[in-house]
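The values are calculated or read from the model by the stated rules, or taken from the named source; none is laboratory data. Computed from a predicted structure; not experimentally measured. Every residue, glycine among them, receives a Cβ derived from its backbone with ideal geometry; neighbour counts consider all protein chains shown.
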Amino acid sequence: MSVQCISMAFAFEAPSPTTKLVLLALANYADENAQCFPPVKRIVAETGLSDRAVRNAIQLLISVRAIEKATRRRKNGTQTSDLFTLFPDGGETQTAPRAGGRRCRSVQTAPDAVCDADRLHDVPVQTAPRATLTTFEPSLEPSLAVVDARAPTNVQAVTVVQTSTSQPEDDDWPEGDAGRHAALLVEEAGTVHLDPARQPGLATTLGRLHAWRRDGASWQHDVMPVVVTLARKQRRAVGTWKFFDTAIAQSIADNRAALSIPEAQSHASPAHEHRPSAKLSAKRANLDRHYAGAEQAVDLVAARRTY
């Protein structure tokens, strides 16, 4: 290692940090004659640069006369690592021009030595594009927003939601909440097999009564007859109100099929005429047998369900 070569490498104004790092790595192997022959792979390992970056830096150092490279061969003629001579001009090197058109300075003995005008050129400095500010504020005030073609669609969607959540005007359910409705069903059934005091699941599944009402079940012609009939026929206790879901859904479907008979339609109640069911499922239709005219239509008997 030549201390003088390392000092000169530190004083050398390299074109880039990569070039100076490679020059310092070569100076670390230089002998008293300022010569060294380390393999390129070793320079790559010590500097942490890529192989191409190291080779490009060596070519740039050769172009500014900071080093010289000579080919070495073995006795058998095969090529080995190149011989590098650092600062062959004794420290008088030509530094590559820097970006921005600044006048480069070379290490020379003459005090008035400057670079020629033809060696100066302007290199545009490319900066990273400025990031735009991300905002979540609307481009227009709500009061100034123009109502476009999507407005009717939104109104229609709101209308559908309101229709599905609101109760029909002809709802025949008694007043009160689900707890009172459950108490009325238990009282009407009059059996120990339907007793919330003995089956806690009946108290925790009161939401099923809301679901039946939302699906369009009639209290007098769907819920009451189905719950009372099934509860009295059971030999075991009914644990939850979900036990009646299938039967009530079937009752609603049967009522819908019954109302499709012309004789039944003539005796149907106004509740069935005004209840919306075009876009609703069969569970939403409240078609009771009594108002459908079951006594007047003989074919209606097949559509009725016996519990």
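Worth a mention:
- Residue in the stretch 82-103 that is of a type in the set (S, T, N, Q) and modelled with pLDDT of 85 or more present: yes
This table checks each residue for (1) part of a helix (DSSP H, G or I); (2) of a type in the set (Val, Ile, Thr); (3) at pLDDT below 90.
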{"residue": "Glu141", "(1), (2), (3)": "no, no, yes"}
{"residue": "Leu144", "(1), (2), (3)": "no, no, yes"}
{"residue": "Ala151", "(1), (2), (3)": "yes, no, yes"}
{"residue": "Val155", "(1), (2), (3)": "yes, yes, yes"}
{"residue": "Thr163", "(1), (2), (3)": "yes, yes, yes"}
{"residue": "Pro174", "(1), (2), (3)": "no, no, no"}
{"residue": "Ala183", "(1), (2), (3)": "yes, no, no"}
{"residue": "Glu187", "(1), (2), (3)": "yes, no, no"}
{"residue": "Arg198", "(1), (2), (3)": "no, no, yes"}
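- Residue, surrounded by the most Cβ atoms within 10 Å (Cβ to Cβ), within the stretch 46-62, restricted to residues that are under 41 Å from the mean Cα position of the chain (by Cα) and among the charged types (D, E, K, R): Asp51
- Annotation note: of Ala211, Ala249, the sole residue that is of a type in the set (A, V, I, L, M, F, W, C), at pLDDT 90 or above, over 20 Å from Asp177 (Cα atoms) and not in a loop (DSSP other than H, G, I, E, B) is Ala249.
- On inspection, Pro38 passes the criterion of being in contact with a Ser or Thr (Cβ under 9 Å, 6 or more places away or on another chain) and assigned by TED's automatic domain parsing to the domain that holds Leu86.
- So Val40, is it over 24 Å from Gly90 (Cβ atoms) and among the β-branched types (Val, Ile, Thr): yes
Per-residue answers, yes or no, for (1) of a type outside the set (D, E, K, R); (2) touching a helix residue (DSSP H, G or I) at 6+ places or on another chain (Cβ under 9 Å); (3) not in a helix (DSSP H, G or I):
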{"site": "Thr19", "(1), (2), (3)": "yes, yes, no"}
{"site": "Leu23", "(1), (2), (3)": "yes, yes, no"}
{"site": "Leu26", "(1), (2), (3)": "yes, yes, no"}
{"site": "Glu32", "(1), (2), (3)": "no, yes, yes"}
{"site": "Pro38", "(1), (2), (3)": "yes, yes, yes"}
{"site": "Lys41", "(1), (2), (3)": "no, yes, no"}
{"site": "Arg55", "(1), (2), (3)": "no, yes, no"}
{"site": "Leu60", "(1), (2), (3)": "yes, yes, no"}
{"site": "Glu68", "(1), (2), (3)": "no, yes, yes"}
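- The numbered conditions (1) in contact (Cβ under 8 Å) with a residue 12 or more places away in the chain; (2) crowded, with 17+ Cβ neighbours inside 10 Å are all true for Arg65 except (2).
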